[in-house]
Ligand SMILES: *Cc1c(COP(=O)(O)O)cnc(C)c1O
């Protein structure tokens, strides 16, 4: 088993993912339908415009739009869509980007949507040559602020649906889109990680963007869906700035297969299996000193629950972040969802496990909690050092340590 695992040959650790579909962990478990399609197309030549035409049909049906295409990531989908809003189908203008001389080049966005998904969204927009105009403040956005931000230089608006965005005090998508549409401004929605493929279009999005490699279980790629003419203009960016965001035939067919598989999946059965994992972890943690575990709903309403594990370091004799780090050591590290760890909690996400791994997660939790409980001192290392660790490690890459 261990020897068949390609990670063993490559000298890589066999990560168990209860964190989420993270780029730095290799995104997702690609579904078998996509793996088969990718293997089938890799040795063949195809006419790429025809393949993207076929992808357009699949995306249009799945998302309830006129058209769509596959790009290298949702991040590149943002750049190419903003570019399309500026150039339309003008090939000369497309070749000139990121020089936007003579084009409308402003993009309105709520300040509470200025997210970082591994890189800043504002940079993804700026790559096209556009300039972000921020609307409102971090937790405050009202209609008058959006109306005031739209000028004759505005090319489009970008709206982010994500747990990364501020979750209160801002304008909902339908109100945002209504204000934009009253001024003729197209609305691009970054829904990279959202399960519902149709709801944002219904709420007023013109163009909607998804990651193929997140919930869909596709290969690394992005999906751009919207009205035919806009999508054509975005697709034409592949003759310009899109070239360095090139997508391969394997990612296009893999995305098509993942989309079809998603529509046929027994979502209720998946939810039930995941509920079983949460119950297992709950019972493994119940009655342990200083540990409180509760099932919590997804913050943006995806049909998905996670286990929230809150750690009281005096009683558990370890901090939440040291427990997360302890789980992350060894040959088979358990990666937990730790973006709120400074509040003394982390989450266990049940979506990305192979059968049997749920047991190993429970076992590792119990092991590390027992070890801490019977240790000499409370395990409490510097949170500041931990916060800056990834950057410090990257600054030594490719060296280790
Ligand atoms: C993951 C994510 C992205 C980036 O998606 P990629 O396909 O990995 O480029 C963009 N926006 C949000 C909100 C995300 O969660």
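The values are calculated or read from the model by the stated rules, or taken from the named source; none is laboratory data. From a predicted model like this one, the values you see are computed outputs, not experimental measurements. Cβ: placed from backbone, ideal geometry, glycine included. Neighbour counts: every protein chain shown.
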* Please give the number of the condition residue 381 fails out of (1) loosely packed, with under 12 Cβ neighbours inside 10 Å; (2) not in a helix (DSSP H, G or I). => (1)
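Yes/no matrix, rows are residues, columns are (1) in contact with a helix residue (DSSP H, G or I) (Cβ under 7 Å, 6 or more places away or on another chain); (2) over 30 Å from residue 139 (Cβ atoms):
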{"position": "71", "(1), (2)": "yes, yes"}
{"position": "77", "(1), (2)": "no, no"}
{"position": "82", "(1), (2)": "yes, no"}
{"position": "91", "(1), (2)": "yes, yes"}
{"position": "98", "(1), (2)": "yes, yes"}
{"position": "101", "(1), (2)": "no, yes"}
{"position": "110", "(1), (2)": "no, no"}
{"position": "113", "(1), (2)": "no, no"}
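Can you name the residue in region 59-75 that is away from the ligand (no atom under 16 Å from the Cβ) and buried (at least 20 other Cβ atoms within 10 Å of the Cβ) and is also nearest to residue 234 (Cα to Cα) among such residues?
Residues of region 59-75 that are away from the ligand (no atom under 16 Å from the Cβ), as a first pass: 60-62, 64-67.
Retained after the next criterion (residues that are buried (at least 20 other Cβ atoms within 10 Å of the Cβ)): 62, 65, 67.
On the way: 62: 19, 65: 15, 67: 11 Å.
Looking at the filtered set, the residue picked out is 67.
Does residue 126 qualify as being more than 13 Å from the ligand (Cβ to nearest atom) and under 22 Å from the mean Cα position of the chain (by Cα)? Before you say what the answer is, go through the steps one by one.
Details: more than 13 Å from the ligand (Cβ to nearest atom): yes; under 22 Å from the mean Cα position of the chain (by Cα): yes.
Spelling it out, residue 126 is indeed more than 13 Å from the ligand (Cβ to nearest atom) and under 22 Å from the mean Cα position of the chain (by Cα).
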* Scan of region 35-90 for residues that are over 18 Å from residue 186 (Cβ atoms) and not in a helix (DSSP H, G or I), ordered by number -> 42, 43, 44, 45, 46, 47, 70, 72, 73
* How many residues are within 12 Å of the ligand (Cβ to nearest atom), in contact (Cβ under 8 Å) with a residue 40 or more places away in the chain and under 18 Å from residue 170 (Cβ atoms) if we restrict to region 104-123? -> 5
* Identify, please: which residue in region 173-228 is closer than 17 Å to residue 125 by Cβ and part of a helix (DSSP H, G or I) and is, among those, nearest to the chain's Cα centre (by Cα)? -> 176
* Asked: Residues of region 118-132 being touching a strand residue (DSSP E or B) at 6+ places or on another chain (Cβ under 6 Å) and either assigned to a loop (DSSP other than H, G, I, E, B) or buried (at least 16 other Cβ atoms within 10 Å of the Cβ) (or both), which ones?
  -> 122, 125, 130, 132
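Surrounded by 18 or more Cβ atoms within 10 Å (Cβ to Cβ) and either within 22 Å of the chain's Cα centre (by Cα) or assigned to a loop (DSSP other than H, G, I, E, B) (or both), is that true of residue 152? So that I can check it myself, show each step before the final result.
Working: surrounded by 18 or more Cβ atoms within 10 Å (Cβ to Cβ): no; either within 22 Å of the chain's Cα centre (by Cα) or assigned to a loop (DSSP other than H, G, I, E, B) (or both): yes.
The answer is no for residue 152.
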* Restricting the search to region 315-327, which residues are surrounded by 17 or more Cβ atoms within 10 Å (Cβ to Cβ) and either within 26 Å of the chain's Cα centre (by Cα) or outside any loop (DSSP other than H, G, I, E, B) (or both)? -> 316, 318, 320, 321, 322, 323, 324, 325, 326, 327
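When only residues in region 12-24 that are within 26 Å of residue 264 (Cα to Cα) and not in a loop (DSSP other than H, G, I, E, B) count, which is nearest to the ligand (Cβ to nearest atom)?
Quick first cut of region 12-24, residues within 26 Å of residue 264 (Cα to Cα) only: 17-23.
From the residues that got through so far, the ones that are not in a loop (DSSP other than H, G, I, E, B) too are 17-18, 23.
Values: 17: 15, 18: 18, 23: 5 Å.
The qualifying residue nearest to the ligand (Cβ to nearest atom) is 23.
Being buried (at least 20 other Cβ atoms within 10 Å of the Cβ), within 17 Å of the chain's Cα centre (by Cα) and within 16 Å of the ligand (Cβ to nearest atom) narrows it down to one residue among 83, 34, 27; which is it? Steps first, please.
On the way: 83 fails: within 17 Å of the chain's Cα centre (by Cα); 34 fails: within 17 Å of the chain's Cα centre (by Cα).
None of the other options fit; the residue is 27.
Determine which member of the set 9, 2 is in contact with a helix residue (DSSP H, G or I) (Cβ under 8 Å, 6 or more places away or on another chain), at pLDDT below 95 and away from the ligand (no atom under 16 Å from the Cβ). Give the derivation first.
Numbers: 9 fails: in contact with a helix residue (DSSP H, G or I) (Cβ under 8 Å, 6 or more places away or on another chain).
Being in contact with a helix residue (DSSP H, G or I) (Cβ under 8 Å, 6 or more places away or on another chain), at pLDDT below 95 and away from the ligand (no atom under 16 Å from the Cβ) holds for just one of 9, 2, which is 2.
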* Kindly indicate which of 354, 339 is in contact (Cβ under 8 Å) with a residue 12 or more places away in the chain, closer than 27 Å to residue 31 by Cα and not in a helix (DSSP H, G or I). => 354
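Given the criterion in contact (Cβ under 8 Å) with a residue 40 or more places away in the chain and crowded, with 24+ Cβ neighbours inside 10 Å, identify the matching residue among 187, 208, 166. Don't jump to the end; show me each part of the working.
Working: 187 fails: in contact (Cβ under 8 Å) with a residue 40 or more places away in the chain; 166 fails: crowded, with 24+ Cβ neighbours inside 10 Å.
Exactly one residue qualifies, and that residue is 208.
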* To do: State all residues of region 211-229 that are away from the ligand (no atom under 14 Å from the Cβ) and surrounded by fewer than 24 Cβ atoms within 10 Å (Cβ to Cβ); if no residue qualifies, say none.
  => 227, 228, 229
